[in-house]
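What follows is one structure encoded as structure tokens, with my remarks underneath.
The values are calculated or read from the model by the stated rules, or taken from the named source; none is laboratory data. On a predicted model such as this, the values are computed, not experimentally measured, just so you know. So basically every Cβ, Gly included, is an ideal-geometry build from the backbone, and we count neighbours across all protein chains shown. Ligands, DNA and RNA are stripped out before the accessible areas are found, and what is left, the full protein with its side chains, is counted by its heavy atoms. Shrake-Rupley method; radii C 1.70, N 1.55, O 1.52, S 1.80 Å.
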Amino acid sequence: SVRFLGRTDAGQAGATRFAWSGSGVAFRFSGTEASVEMDDPAHFFTLLVDGKVQPTLATTSGQKKYALAQGLLAGEHEVRLYRRTEASYGPTRFYGVDLGSGTLLAPPAPATRKIEVIGDSITCGYGNEGADQNCNFSADTENHYLTYGAIAARDLGADLVTVAWSGKGVIYNYGDDKQDPLPSLYDRAIPTDASSTWDFSWQPDVVVINLGTNDFSTGGDPSDAEFTGAYQKFLAHLRDKYPAARIVALIPTLLSGADLTAAKTYIEKAVALRKTAGDAKVSAVVLSFTQDGWGCDWHPSLKTHASMGAALGGELKKLMGW
């Protein structure tokens, strides 16, 4: 009677694990109170009770019980819990729900629309609650619930799965590191566990890719052949996993100057090659949004994420006919 949100792994006895940004749980119950039992190093969750955002839930490692709602009016209620922080903190282990004298009801129904967003720190929400560009990364300033992808999904009435990790690229991670770029982690349910494979039973209507910023983050940028080849290979892999989905390749949203020109050229080339190969449901898209302030380490602020979310929602409405 609990619906899990995002990718999960039930391979460990007694617990369901999840780790990607925005993953979590949703359940309905009849009663006046609700708690969950988790072992969670992720630090912070966005909590909604009956559709209203509550104070942020703070967590710590170790199996503990967390009160989510107390003193509610007797009757039917819905609880949703989303990871605010990203997979690098390690997986959440979810053990169950405690409703006191209440009872679980049928879980919330899934939305009719489904979106997957693939990305890096921008998609995770790195620093979006930071005061300005002068703060560094911290769990308490990262809020996936208020990222452009989550905003667009809510505006469109869609379920969202996010597959993102700060610093990851298509071929080069931040600082020219080539160890485990995002495509190498993509098939995992728990990205820190190579044995945890996702079964792709959840089939999105549209997949949005926002990768490339880290590939061009420093002086040693990838060549046309390197980046275009890797991007085209990733597009082909996504098509293999999602035969019917629309694939939207965003031109990296934080690049500028020569880096932006190169990334745009390479991504558009990779998309064109896919179309030549017969894939008509792949598009390269430039988001038109307002840059309004900065979060930590020059990442998008909450206002910028809101503008990006509105822009993405508009593009998806046009592409999908929603």
Quick one: how many residues across segment 23-49 are in contact with a Gly (Cβ under 6 Å, 6 or more places away or on another chain), closer than 21 Å to residue 123 by Cβ and open to solvent by 10 Å² or more (accessible area, probe 1.4 Å)?
1
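Can you list the strands (runs of 3 or more DSSP E) found entirely within segment 8-100 that contain at least 1 residues being acidic (Asp, Glu)? Outline the logic, then answer.
Values: elements: 16-18, 24-31, 34-39, 44-49, 63-69, 75-83, 92-98.
Answer list for segment 8-100: 34-39, 75-83, 92-98.
So in segment 97-127, with the set limited to residues that are under 14 Å from the mean Cα position of the chain (by Cα) and under 28 Å from residue 36 (Cα atoms), which one is most open to solvent (accessible area, probe 1.4 Å)? It would help to see each step written out before you state the result.
Of all residues in segment 97-127, those under 14 Å from the mean Cα position of the chain (by Cα) come to 114-126.
Keeping just the survivors that are under 28 Å from residue 36 (Cα atoms) gives 114-117, 123-126.
Details: 114: 56, 115: 3, 116: 1, 117: 1, 123: 4, 124: 0, 125: 0, 126: 32 Å².
Step by step, filter segment 97-127, then rank; the result is 114.
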Tell me, which residue of segment 192-222 that is more than 21 Å from residue 251 (Cα to Cα) and either assigned to a strand (DSSP E or B) or touching a Pro at 6+ places or on another chain (Cβ under 8 Å) (or both) is least open to solvent (accessible area, probe 1.4 Å)?
193
Out of all the residues in segment 303-322, is one or more closer than 29 Å to residue 127 by Cα, among the hydrophobic types (A, V, I, L, M, F, W, C), open to solvent by 20 Å² or more (accessible area, probe 1.4 Å) and outside any helix (DSSP H, G or I)?
no
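Could you please find all residues in segment 278-322 being basic (Lys, Arg) and closer than 30 Å to residue 135 by Cα? Full working, then the answer.
So the first thing to find is which residues in segment 278-322 are basic (Lys, Arg), and the list is 281, 303, 317-318.
Residue satisfying the conditions is 303 alone.
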Return a yes/no flag: does segment 262-269 have any residue that is at pLDDT 95 or above, of a type outside the set (Gly, Ala, Ser), surrounded by fewer than 21 Cβ atoms within 10 Å (Cβ to Cβ) and in contact with a Ser or Thr (Cβ under 7 Å, 6 or more places away or on another chain).
yes
From 81, 68, 73, residue being touching a residue at least 12 places away in the same chain (Cβ under 8 Å) and either farther than 30 Å from residue 127 by Cα or of a type in the set (D, E, K, R) (or both):
73
State all residues of segment 128-165 that are touching a Ser or Thr at 6+ places or on another chain (Cβ under 6 Å) and open to solvent by 30 Å² or more (accessible area, probe 1.4 Å); if no residue qualifies, say none.
129, 145
What tally of residues in segment 276-294 results from selecting those that are under 21 Å from residue 117 (Cα atoms) and either in a loop (DSSP other than H, G, I, E, B) or open to solvent by 70 Å² or more (accessible area, probe 1.4 Å) (or both)?
9
Quick one: how many residues across segment 1-43 are at pLDDT 95 or above and closer than 19 Å to residue 194 by Cα?
12
